[in-house]
Every structure is written in structure tokens, then in C-alpha cells.
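Input: a single structure, listed below in C-alpha cells.
Read the figures in this text as sums done on the coordinates, not as results from a lab. None of the values given here were measured: they were computed from a predicted structure. Positions of Cβ are generated from backbone atoms using ideal geometry, with glycine treated the same way; all protein chains shown enter the neighbour counts.
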Amino acid sequence: MIENSSLQNLHSESNNKLIAPQSLSIQPLALTEEEEDELDLGDFFNILKRRALVIAGVAGITMAGVVGFTLSREPQYEDNFRLLVEPVDEDNNNNLSELTSFLNTNIQKSGLDYESQIEVLQSPELMRPIINDLQVQYPDITYKSLLKEEKNLKITRLGETKVIEVTYRHSNPTQVKEVLDKIAQAYLKYSLERRQTQLSQGIRFVDKELPPIKEQVEVLQQQLQTFRQQYDFFDPNTQSSQIIEQLKLLSGERQKVDQQLAKAKAELTILQQEEGAPAILKDAPVYQQLITQIRNLEAQIAGESTRFQDKVPTLKRLKEKRQKLLPLLEQEKERILKLTLSEAANRVQALEVQSQKLSAAEEELSQKVKQLPSLARRYTELQQKLLIANESFNRFLKTRQDLKIEAAQTELPWEIIKAPVTPEDPVSPKILLNLILGVVASTFLGIGAALIREKLDNTYHNVDALKDDLKLPLLGALPIDKSLESNQKRSAKAKSSHNSQADSISQSRARSYFQDSGQFLEALRVVHTNLQMLSSDRQIRSIVISSALPGDGKSTVAYNLAQVAASMGQQVLLIDTDLRRPQVHARTGLRNFSGLSNLISGNMSAEQVMQQLPNIAGCSVITSGPIPPDATRLLSSGKMKQLIKEFHEKFDLVIYDAPPLFGLADASILAPHTDGIMLVVRIDKTERSIIKQAVESLKISRTNILGVVANGDKSIFHKYYHKYYHS
């Protein structure tokens, strides 16, 4: 009663818990980008977990090498001194450099060439006397050991500063201090000698260049003086303003003269006409007096004529007097007209001459205005040349004076801003840093080795890789359960002892495992449900369960799947068709005195070899029976085909536990007579190439491949699944 109630509870649990896992298996939910990243990170940590031994081994070997190398090295001490080789204040720069940069404007001033200077400082010619001095106390010091082979001495520029740093490393700290002191003093002495040499060269250069520059100044001064005298040219701006003002005055005066000339010509034209004579005579006083006298005489004659006759002497005298005045009047008229016309003509001529002179003067000033830019440019060029020559001459004079003053001084041009000291702590080996770097490097090398090993691995490590690679329906993923493995070992041990009491203990443990292992049970329910949902028009009634290689768990899946199907109310028959290495009787704890081999080769009926699985209603088992000499012949016989047909009609589900596919034809012979074959692939065990080869052979034989079951899945999904259903 207790067992039956347990089966009923199991059946009810299967109906209640089936919905979530089967829907998850058949229609996987779309993953977001964040979830895919989490899965990728999870895969990475799974790889590290699988290859922990590889990582530990490579890291350990690397770390041992680092520790050995670090501890075996001789301690090295290091110190340095620093030289300020250029003045900080740019205004106090070398006069000779300023002079040469001024004379040659195409050469840009760039300061000290530090690369060349460092090459000079470490050159054999400069280092030879220093090394000879050091060899008195330290005979092992050579030029090669310092700068070529061991490179204990390093001379570098300190960043972008004006400081040169000299560093020396050796195992003797006292030697470090003394060697640096010698080199520092030698470099200071070199800088002083170099400075004195440069100053002497500068003085000679200045003395050589002064006479030509002085002569050039004198020539330019003479040219400027000649130019001023020739063109009466002193100040371009003032002179230009004056000429323009004069031009304006001349232009105004010429316009007035032209107006007067036009007026004079008009008057002359009028005078030359008849209408002009009365106007001229009107203003002539003598002529008017004569006119007045004549008119008076005519008035008197007219008055006397009324009183006297023409022969009267008085009247005659008046007429004679008038007759005398008429020629005078005509003469005066001609004289006045002639004089007036002459004056008008002279005035016109004078105005014309004056206008021409003013025009000529204006034209001359205009020409000067046009020449002003050219003259001003020539004048400016002469002044600039003279100014430059004077500046050059003055700078040469000042530079010669400064160079002589500097040459008389004995101050060192280079300055030690950091003197060498005796080092107290070694700089090499840096044990802590080496160990830290060793740990980091060994870790990365270990991880790299693990990734390489993973890349070379030919097995599937997760369900996704299996599904993507085989392109077959994934019927389910079975988790790893250590209790199942221990139960199988105990069952095998019980079988080998041939002890009935052990058989009963093994059966009870198998039953208790099946009832208690909820995680594995739910995964099997998903497999069973997915099998039933593969075809919508007909039910899956017979399947062959096989694997590519032995040890993938096909027998375990077949045995437990039969129990799950039976617990769901189906009439199930589990047949062990592995007639080479049968496993079903070991897992079920049933006897194997007679079985499938007897049923095919003998006259026994199916009822005689069929056994009921204890405490699992509706689950029948046919073990393999005695191992025959030719298993393939029996499985391909007509009797086997007839049995398959009978079992297919009699039971709701027939499960054939077949031998592995690789190298054997047994499963390929059975599968075409059933609804299809289900492949069991063991995660982290089954080789990709072998399972692919097995799948290809099944496709060639046109065997219906129902799908694959991933056995031994370590996915984190099962942890959450187990927590959900057991909380």
C-alpha cells in the first residue's frame, strides 16, 4: 500500500510539475544581451573550473621559475647625478649662439642638441681618461662593461627639461658612489673646456667679421647722403605732404588764371567787333571831352544859325572850330581803340603764358608725386640696410666685449643639481614586485594554457555547444547526480556477489533513489514529454536508445526513462538489446538467466522471459539473456523484426537499450523498425568527431533520429531548478 501510494504521488507530481520544464525545453526563451554576456562569463568560469589542474600546474611551474630566478640574482645598487646643462633664464643665453642666429636668419635657434650631446658624453674619446682613472681602484671597469655589454652606465635626458641624468648600477654600493663622483667631475671639467673653446672661437669670429660690417655701414651712409642731395629728399612723409599741398595751391591758382584768360579772350573778341567800340569809347575821357566840345559847338552853331547867316564870321569860326575838332576826335577814337585792343591782346597773351607756366609746374609736381613711392621705398631700403648694418656692428662690438669678459671667468657652465650618494637599498632584484608579477604572469599563463587545452578538447562541455553543433532536437538535459553513480556501483557490486539479500537491498536503493531524486526525475519527465510531442499525428511507441561510445549513460537513461513513462500510466517494455555488454539487469537487479537471446534463438515465449520491475506498475523488462556468439545476426533476424512488431502493438512504449553506435551495427539494425533512435551524449566525455560520425551514418541509413539527450549537464539552471522545486 505504501509503495502504491508512492507511485500515485509520483504520478500526480509528474502531472503537476511537467508544464514548466517541458515548455522551457521545447521553446527556449530569447535571451537579452545582458543574459548572453552572463552566460559567456559563466562559460568562461566553467572552463576555468574544468581546467583547474592545468591552470594550477602551469601557474605553479611558472611561479617556481620566477621565485628561483629572483632569489638567484645578485643584489644590484643604483644611484645617479643630474646636470643642468643649459641656463634656466633664456635672457642669459650664450652670446655666441645669439650672434650666429642673428647673422644667419635661415638657421632657427633650437638650443642644445641633447641626443648629440649624450653621444659625445658616452663617446670612447671622452670616457677613456675617466675609465683610466677608475681602473686604478677598480680594474674590472672597462668601456664595454659600462656602455656596451652590461650597460651599467646610462646617460639620458630627464624628460623635456634641460637636465641630463647619469645613472650607474653595480653590486658594490661604494663603487657606485665613487664612479659617479669621478664621472661628474670629469663632465664638469669637459663643460668648462668646451665653453672656453667656444668663447675663443667666438672672439676670433667676431674680430674677423667686424671690419666688413663697418665698411658696409660707411658705404650705406654715403649712399643715403647722395640720395638726399640728388632728390632733395629727407623725410618721405613730410615731403609727400608738402608736395601734395603745393600741387593743390598750383591747381587752384591755375584755375583762377584760366578763368581770367577766358574772360580776357571774351573781352578781346567783343572789342574786335563793331559793337565793342562804343563801350570802349564810353570810358575814354579825352574822347568824351572832344565829343562834348563838338556837341557844344554844334549847339552854338545851331543857335547862331537861327540868328545869323552862314557868312557871319562868328558862325564861320564856330564851324571851323568844329571842323578842327572832328579829325582830333577821329584820331582819338583810333588811338583809344588801338590802345585798348593792344592792352587786351597783351593781357590775353600774359595770362596764356602764366597758365602754361602754372600747368608746367603742376605737371612737374605731379611727376614728383608719382615718383614719391619709389623714392620713399628706396629711401626706406637704404635706411633699413643702414639700421641693420648699425645693429650688426653694435652687436658685434657688444658680443666681443661680453665674450672677452666670459673668457676671463672660470665659472663652470654646467651645474650639478643632484649629487650622487651611496645607495643603501638594492634596486634589483625587486622580490615583492617580481613575486606579484610572477603571480599575475603565472595566472595568465595558466588561464591561457587552460583555454588552449579547452580549444584542443574534442568533447562537449555544455548543452548549447551540443545543440548548436549537431543541429538535432534537444530532448532534454540530465544533471549529474552523485547518488545515482554510487547507487549504480552498489548495484554492480550486489550483482557480482550473487547474493539475493544484496539484490533486494540494491532494488530497494534503486527504488528509493528513483523516488527521492527529484532533479534527475524532472529532467527525465522533460525528455519523456518532449518525445511525446515530437509528432502531432501519431504517438511515439518504440524508441532505440544508444550512444556513440560506451559509458555515455544510455542504459541509465533507458532504465530511468522506462520508470518515468510507467509512473505516468503507460504500459512500458524495457528491452536490453545490448547482447555484448548488457547493463539493464545490473541496474534493475533482475535475474538474467534467460532473456532476449533465448527469445530470438529458442522456442521460449515473450511471457517466459519478461519480468516485472518491482514496485513499478506497468513496467516490464526483458534482459539480454546469455551473451550469444553473433549478436548482430540475432538482432537482424526475422524473428527479431516480428518481436519488434508485436511489442509495438502490445505496449504503449517500448524502449530498446542498444549497443553504442561507433564500430557496431546493432543499433542501426534495430532503429529502422522502430519510431526512431534517441542518442545519449555525455557532457565532458563524448568526442565530437565520433558522435558526428555516428549521426552521419544514421542519416545515410535514413534512420529517424528523434533527438539527443545531454547527460551529465552541469548547468547552473539545475541549481535554480532544484532550489525552486524544493524550497
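Amide H contacts under 5 Å for PHE81: VAL166, restricted to partners 5 or more places along the chain or on a different chain, H placed in the peptide plane at 1.01 Å from N. Each part gets one Cα centre, and for the range 111-160 versus the range 204-223 those centres are 45 Å apart. Spin-label model, LYS385/SER342: points 7 Å from Cα along the beta carbon direction are separated by 6.3 nm. Once the chain from GLN222 to GLU119 is taken as fully extended at 0.36 nm per residue, the excess over their C-alpha distance is 32.0 nm. With each label modelled as a point 7 angstrom along the Cα→C-beta vector, the LEU192-VAL88 pair spans 2.3 nm. Extension gain, SER241 to LYS256, is 3.1 nm, computed as 0.36 nm per intervening residue step minus the present C-alpha separation. Between ARG702 and ASP630, the C-beta separation translates, for a Förster distance of 22 Å, into a calculated FRET efficiency of about 0.30. When only alpha carbons are used to place a centre, the range 623-670 and the range 524-591 end up 13 Å from one another. Annotation: peptides 703-711, 78-86, ranked by per-residue average of other Cβ atoms within 10 Å with the highest first, follow the order 703-711, 78-86.
Modelled spin labels at SER605 and TYR138, positioned 7 Å past Cα toward Cβ, are 10.8 nm from each other. Charge tally for ASP666 (other residues, Cβ to Cβ under 13 Å; Lys, Arg +1; Asp, Glu -1): 0.
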